[in-house]
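Here the structure comes first, spelled out in structure tokens, and everything after it is commentary.
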Amino acid sequence: MKWIAVDYGERRTGLAVCDASELIVTPVTPQIEEKSLNKVAEAAAAARLAQGAEGVVCGLPRNMDGTEGSRAGKSRRFAQRLANTAGVPVVMWDERRTTVSAAAILADNDTFGAKRKERLDSVSAAVILESFLNWRAHHPGEEPPELVRPEQ
């Protein structure tokens with residue numbers, strides 16, 4: 001099944017997709033450069049269709065101790081809006097340390113400055129998607145732990 005991951009942010013939102021075999025994850029560029037939650041949800045829903053993705057994963061920013069702060073609340077509101085706009089359930093997935101991992105990946109590939117800034121959130125989305133796909137591979141047939149369904 002083809003999936004798209006969304007790393008929702010205040011100014012930039014990163015996207016990544018996988019192939020139908022769920023083996024190859026690719027960051028999508030350009031990132032969504034928008035502040036309005038509604039416009040980001042519309043752009044992410046349009047990207048899902050353009051990429052042919054059936055499933056959607058949205059990063060859930062948790063604190064290192066597992067608690068949720070204000071960013072998690074915004075991400076939950078965004079995920080609900082995205083589910084409503086896209087008309088499909090959205091998987092909420094823990095994104096702790098994904099930005100750190102993404103920055104390390106970009107540094108390993110000598111990507112710094114403006115190029116790093118324009119790719120960081122999409123690479124973070126790719127890290128989120130890889131984590132989710134790894135879970136799916138080890139939990140075949142199980143429903144993800146947290147799913148946001150479109151409101152009727």
For segment 1-24, what are the residues that are open to solvent by 30 Å² or more (accessible area, probe 1.4 Å) and either in contact with a Leu (Cβ under 6 Å, 6 or more places away or on another chain) or of a type in the set (K, R) (or both)? K2, R11, R12, E22
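So that you can scan it fast, the table gives a plain yes or no per residue for (1) open to solvent by 20 Å² or more (accessible area, probe 1.4 Å); (2) modelled with pLDDT of 90 or more; (3) more than 23 Å from R81 (Cα to Cα); (4) within 15 Å of the chain's Cα centre (by Cα):
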{"residue": "A107", "(1), (2), (3), (4)": "yes, no, yes, no"}
{"residue": "E118", "(1), (2), (3), (4)": "yes, no, yes, no"}
{"residue": "S124", "(1), (2), (3), (4)": "no, no, no, yes"}
{"residue": "I128", "(1), (2), (3), (4)": "no, yes, no, yes"}
Cβ pairs under 7 Å, 6+ apart or interchain, first in segment 44-63 and free of Cβ contacts under 8 Å to residues at least 12 places away in the same chain, second buried (at least 21 other Cβ atoms within 10 Å of the Cβ), ordered by first then second residue, are none
Take S75 and decide whether it is of a type in the set (S, T, Y) and either modelled with pLDDT of 95 or more or open to solvent by less than 70 Å² (accessible area, probe 1.4 Å) (or both). yes
Quick check on my filter: what residues within segment 25-72 are aliphatic (A, V, I, L, M) and open to solvent by 70 Å² or more (accessible area, probe 1.4 Å)? L49, A50, M64
List pairs: first residue in segment 17-37 and touching a residue at least 12 places away in the same chain (Cβ under 8 Å) and more than 21 Å from S131 (Cβ to Cβ), second residue among the charged types (D, E, K, R) and part of a loop (DSSP other than H, G, I, E, B) anywhere in the structure, Cβ distance under 9 angstrom, at least six positions apart or on different chains. E33/R11; E34/R11; K35/E10; K35/R11
Is it the case, given these coordinates, that E68 is acidic (D, E), at pLDDT below 85 and either out of contact with any Gly (no Cβ under 9 Å at 6 or more places or on another chain) or farther than 27 Å from E151 by Cα (or both)? yes
Please go through segment 132-145 and give me each residue that is part of a loop (DSSP other than H, G, I, E, B) and open to solvent by less than 50 Å² (accessible area, probe 1.4 Å), ordered by number. P144
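The values are calculated or read from the model by the stated rules, or taken from the named source; none is laboratory data. Here the structure is a predicted model, which is why all the values come from computation and not from measurement. With ideal geometry, Cβ positions are generated from the backbone for all residues, glycine too; neighbour counts draw on all protein chains shown. Note: accessible area is taken over every heavy atom of the protein model, side chains too, but ligands, DNA and RNA are not part of it. Shrake-Rupley method; radii C 1.70, N 1.55, O 1.52, S 1.80 Å.
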